[in-house]
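*Asks:* Structure incoming, see below.
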Amino acid sequence: FMIRFASPMKLASLKDKIKITPQPPTELQWYFDDHSWELNVYGLEPATDYVVRILPGMADIYGNTITSEMSFTFKTGDLYPYARLVLPSQPLVYRAQGPQEVFFEQVNLGSGTVSLYPVTFNEFTRLITGKLDPTWFSPKVEPIREWEAVDENAVRNQINRLNFKLQDSKEKPLQPGYYFIGVTGKPL
């Protein structure tokens with residue numbers, strides 16, 4: 001939230017004069033903009049009803065103080081929907097006899113799918129050299145395997161993670177080759 005003042009304020013006089021209920025579980029970040037005279041407070045929890053009380057005693061740089069209390073209420077929104085494959089780099093290289101898995105994380109997706117496709121060497125080369133944008137790449141073959149990317153126990157407004165073993169539809173190890181992992185989700 002943001003509070004705009006009529007004059008430049010003394011930052012030290014502000015923090016202990018702002019009471020937030022419920023108290024957020026993590027420490028808030030405070031930033032006072034000297035040009036716009038705005039106090040910005042970051043770190044509130046999503047989807048939460050808050051009451052903010054501004055107590056008397058806040059002082060501007062000229063010695064004037066706020067003498068009356070005021071309060072306001074508001075509700076924070078949900079976190080913006082987010083999804084990604086948790087990858088260290090691109091492309092991924094797996095040993096034929098080693099673990100072959102990928103991690104996926106999401107916040108506030110209504111639905112999602114992780115799909116595994118075979119690609120040709122030519123498609124692979126074009127993807128990693130930037131001649132083909134992976135964001136808009138649409139494989140011309142059916143996926144080898146698909147997984148539901150949103151667990152039924154996913155918690156709203158928290159990062160939810162899943163681990164997918166890269167196997168074919170019969171849960172057999174993948175043959176050596178080139179593959180593309182695609183993600184779709186709603187409302188993304």
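The values are calculated or read from the model by the stated rules, or taken from the named source; none is laboratory data. Bear in mind that the values here come from a model prediction, so they are computed numbers and not experimental data. Backbone-built Cβ (ideal geometry, glycine too); neighbour counts: all protein chains shown. Side chains are part of the model used for accessible areas, which takes the heavy atoms of the whole protein and leaves out ligands, DNA and RNA. Shrake-Rupley method; radii C 1.70, N 1.55, O 1.52, S 1.80 Å.
*Asks:* Going through Glu123, Glu142 one at a time, which residue ends up being exposed (fewer than 10 other Cβ atoms within 10 Å of the Cβ) and over 21 Å from the mean Cα position of the chain (by Cα)?
*Replies:* That would be Glu142, the only listed residue that is exposed (fewer than 10 other Cβ atoms within 10 Å of the Cβ) and over 21 Å from the mean Cα position of the chain (by Cα).
*Asks:* Name every residue in the range 74-118 that is open to solvent by 50 Å² or more (accessible area, probe 1.4 Å), among the hydroxyl-bearing types (Ser, Thr, Tyr) and closer than 22 Å to Thr129 by Cα, in order of residue number.
*Replies:* Selection gives Ser89, Tyr94.
*Asks:* Restricting to the range 149-188, count the residues that are in a loop (DSSP other than H, G, I, E, B), farther than 21 Å from Gln90 by Cβ, touching a residue at least 40 places away in the same chain (Cβ under 8 Å) and open to solvent by less than 50 Å² (accessible area, probe 1.4 Å).
*Replies:* Matching residues across the range 149-188 total 3.
*Asks:* Answer with yes or no whether Ser71 is at negative phi, in contact with a strand residue (DSSP E or B) (Cβ under 7 Å, 6 or more places away or on another chain), open to solvent by less than 90 Å² (accessible area, probe 1.4 Å) and without any contact (Cβ under 8 Å) to a residue 24 or more places away in the chain.
*Replies:* Against the criterion (at negative phi, in contact with a strand residue (DSSP E or B) (Cβ under 7 Å, 6 or more places away or on another chain), open to solvent by less than 90 Å² (accessible area, probe 1.4 Å) and without any contact (Cβ under 8 Å) to a residue 24 or more places away in the chain), Ser71 qualifies.
*Asks:* Tell me whether the range 129-148 contains one or more residues that are aliphatic (A, V, I, L, M), touching a helix residue (DSSP H, G or I) at 6+ places or on another chain (Cβ under 7 Å), over 30 Å from Lys19 (Cα atoms) and assigned to a loop (DSSP other than H, G, I, E, B).
*Replies:* Among the residues of the range 129-148, at least one is aliphatic (A, V, I, L, M), touching a helix residue (DSSP H, G or I) at 6+ places or on another chain (Cβ under 7 Å), over 30 Å from Lys19 (Cα atoms) and assigned to a loop (DSSP other than H, G, I, E, B), which makes the answer yes.
*Asks:* What residue, of Ser89, Ser111, is without any contact (Cβ under 8 Å) to a residue 40 or more places away in the chain and within 26 Å of the chain's Cα centre (by Cα)?
*Replies:* Result: Ser89 is the single residue among Ser89, Ser111 that is without any contact (Cβ under 8 Å) to a residue 40 or more places away in the chain and within 26 Å of the chain's Cα centre (by Cα).
*Asks:* Filter the range 1-14 down to residues that are under 28 Å from the mean Cα position of the chain (by Cα) and farther than 14 Å from Met70 by Cα and give me whichever is surrounded by the fewest Cβ atoms within 10 Å (Cβ to Cβ).
*Replies:* Taking the candidates together, the pick is Met2.
*Asks:* Right, next: Restricting attention to the range 40-53, and to residues there that are among the hydrophobic types (A, V, I, L, M, F, W, C) and either farther than 19 Å from Ser68 by Cα or modelled with pLDDT under 95 (or both), which single residue is least open to solvent (accessible area, probe 1.4 Å)?
*Replies:* Val41
*Asks:* When residues of the range 22-39 are filtered for being under 27 Å from Tyr80 (Cα atoms) and surrounded by 12 or more Cβ atoms within 10 Å (Cβ to Cβ), how many remain?
*Replies:* Selection size over the range 22-39: 7.
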